[in-house]
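Data first, discussion second: the structure below is written as structure tokens.
The values are calculated or read from the model by the stated rules, or taken from the named source; none is laboratory data. If you're wondering where the values come from, they're calculated on a predicted model, not measured in any experiment. Counting neighbours? That spans all protein chains shown, and the Cβs are built from the backbone with ideal geometry, glycine included.
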């Protein structure tokens, strides 16, 4: 393992994080609130520490797959550890455990919060809170690769370790160029959303906050009642549409821009994602009409928004869906597990994994009925090899093991099963709000420090697709080998 190169690369990462705090410092200076000093201290500390780490001499500038996994896992942990500094230094979140939880939630685009009162916090702090959603959506490591070529030695290992969803791929042969293309598309869609919200009359500051959180599918708002505080149908439609947009595999957007729109539309995962959203909206609208809302229009309005918010794991709320009928809440919980598309900013198991699991079940049933027949599992017209199917099944098993352990640990706090179950689901699927204690209008503040740390690592496991973080606990990972 090339320890020196790992330290150097994480040093670059910390300097990038310092740069990411600059917009929040500007917001703080403009509003002249008591968070300016916190950002100045944090930026200086991260810059100095990152520079010292990046200047460590290294004889070998290459690293291998496990070094990439180490950079991703340790990098995400340290970015969260130091990203909590502005909260603690400013006094916005005095408890470091709470600040760490809030920062992890931001960077992993989960959107869970320990804050009971949001609107009274300094604007710079709230800006940083939502900006972590935006940076975490496409990932600060991808940003580092795109803006710091000096950190780009064998960056394919970093991209492979970090990319959301199975079989991450490159848009173009060069990794650095791929990361630039991703960020250009990401920033372009974010800018379009900003313009549309401004045209609807949303204040610029609020617009940036909600655009950052929508793009990263993080769900942090500067309002206590989230998007529901505006009670504005136009805002809900725009945000709802863009939540769906950011839940689509970005590779399909690139294919469409290259003129291959038909191939993107025929993509099996996109179709699964699209029709799952439509089906959920129809079912919840039917269930809400006459029980929660008097008209089909109002039922459709909130169903459309919450379905897109939950399946993309954004976590915004237009209403308190914790008060909805059990049938509607059950659908939302299922959507939490499914999540968005691979290669998107959304969390969850990802649609492609769910599809392959369904196809595997169908395949096994066929083998039982016709044991001598030969059937292949296909995806987008191509045969899926056994190793990929095995990988999906293994991932699902580990996912459920981590889910079960986290559920057992937070159950020690004594809250009801619905609250605990949906809280862990919201954490590991990077959704944000759950039901009950941590519902859309609640918070995670009442959970113990142990539970907050457990949930923080559940968020990291979910965002990093389990393996980068899991291998840190493997003794053989740290043994010295040739490769």
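Count of the stretch 389-420 residues, restricted to those that are touching a residue at least 40 places away in the same chain (Cβ under 8 Å), over 19 Å from the mean Cα position of the chain (by Cα) and buried (at least 18 other Cβ atoms within 10 Å of the Cβ), is 3. Of the numbered criteria (1) surrounded by fewer than 20 Cβ atoms within 10 Å (Cβ to Cβ); (2) in a helix (DSSP H, G or I), the one residue 244 fails is (1). From the list 101, 45, the lone residue that is surrounded by fewer than 16 Cβ atoms within 10 Å (Cβ to Cβ), within 24 Å of residue 460 (Cβ to Cβ) and touching a helix residue (DSSP H, G or I) at 6+ places or on another chain (Cβ under 9 Å) is 45. Note on the stretch 30-46: residues that are in a helix (DSSP H, G or I) and closer than 17 Å to residue 84 by Cβ amount to 10.
Taking (1) in a loop (DSSP other than H, G, I, E, B); (2) surrounded by fewer than 19 Cβ atoms within 10 Å (Cβ to Cβ); (3) touching a residue at least 40 places away in the same chain (Cβ under 8 Å) in turn, residue 291 satisfies each apart from (3). Selection of the stretch 442-480 for residues being part of a loop (DSSP other than H, G, I, E, B), touching a residue at least 40 places away in the same chain (Cβ under 8 Å) and surrounded by fewer than 16 Cβ atoms within 10 Å (Cβ to Cβ) yields 445, 480.
Let's see how each residue does on (1) out of contact with any strand residue (DSSP E or B) (no Cβ under 9 Å at 6 or more places or on another chain); (2) more than 18 Å from residue 109 (Cα to Cα):
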{"site": "329", "(1), (2)": "yes, yes"}
{"site": "334", "(1), (2)": "yes, yes"}
{"site": "341", "(1), (2)": "yes, no"}
{"site": "344", "(1), (2)": "yes, no"}
{"site": "348", "(1), (2)": "yes, no"}
{"site": "361", "(1), (2)": "yes, yes"}
{"site": "369", "(1), (2)": "yes, yes"}
{"site": "373", "(1), (2)": "yes, yes"}
{"site": "377", "(1), (2)": "no, yes"}
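Within the stretch 60-76, the set of residues being modelled with pLDDT of 75 or more and surrounded by fewer than 19 Cβ atoms within 10 Å (Cβ to Cβ) comprises 74 only.
State all residues of the stretch 271-288 that are over 19 Å from residue 339 (Cβ atoms) and surrounded by 14 or more Cβ atoms within 10 Å (Cβ to Cβ); if no residue qualifies, say none.
Kept after step one, since they are over 19 Å from residue 339 (Cβ atoms), are these residues of the stretch 271-288: 282, 285-288.
Hits for the stretch 271-288 are 285, 286, 287, 288.
In the set (1) within 23 Å of the chain's Cα centre (by Cα); (2) over 20 Å from residue 344 (Cα atoms); (3) part of a helix (DSSP H, G or I), the condition left unmet by residue 198 is number (1). Consider the stretch 303-320 and keep the residues that are more than 21 Å from the chain's Cα centre (by Cα) and in contact (Cβ under 8 Å) with a residue 40 or more places away in the chain. The one that is surrounded by the most Cβ atoms within 10 Å (Cβ to Cβ) is 319. I'd like the residue in the stretch 198-211 that is in contact with a helix residue (DSSP H, G or I) (Cβ under 7 Å, 6 or more places away or on another chain) and surrounded by fewer than 24 Cβ atoms within 10 Å (Cβ to Cβ) and, out of all such residues, is nearest to residue 109 (Cα to Cα). The extreme case among them is 208. Based on this model, can you work out whether residue 53 counts as surrounded by 23 or more Cβ atoms within 10 Å (Cβ to Cβ) and either free of Cβ contacts under 8 Å to residues at least 60 places away in the same chain or under 27 Å from the mean Cα position of the chain (by Cα) (or both)? It is false that residue 53 is surrounded by 23 or more Cβ atoms within 10 Å (Cβ to Cβ) and either free of Cβ contacts under 8 Å to residues at least 60 places away in the same chain or under 27 Å from the mean Cα position of the chain (by Cα) (or both). Filter the stretch 20-29 down to the residues that are at pLDDT 95 or above and assigned to a helix (DSSP H, G or I), then identify the one that is surrounded by the fewest Cβ atoms within 10 Å (Cβ to Cβ). This residue is 22. Comparison of 229, 187 shows that the only residue that is under 15 Å from residue 305 (Cβ atoms), without any contact (Cβ under 8 Å) to a residue 12 or more places away in the chain and surrounded by fewer than 20 Cβ atoms within 10 Å (Cβ to Cβ) is 229. When you check residue 309 against the structure, is it closer than 21 Å to residue 233 by Cα and either touching a helix residue (DSSP H, G or I) at 6+ places or on another chain (Cβ under 8 Å) or not in a helix (DSSP H, G or I) (or both), yes or no? Answer is yes for this residue.
Listed here are the residues, each with its yes/no results for (1) closer than 17 Å to residue 458 by Cα; (2) in contact with a helix residue (DSSP H, G or I) (Cβ under 7 Å, 6 or more places away or on another chain).
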position	(1), (2)
354	no, yes
360	no, yes
363	no, no
371	no, no
378	no, no
397	yes, no
400	yes, no
425	yes, yes
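Summed over the stretch 445-477, the residues that are under 18 Å from the mean Cα position of the chain (by Cα) and under 17 Å from residue 431 (Cβ atoms) give a count of 14.
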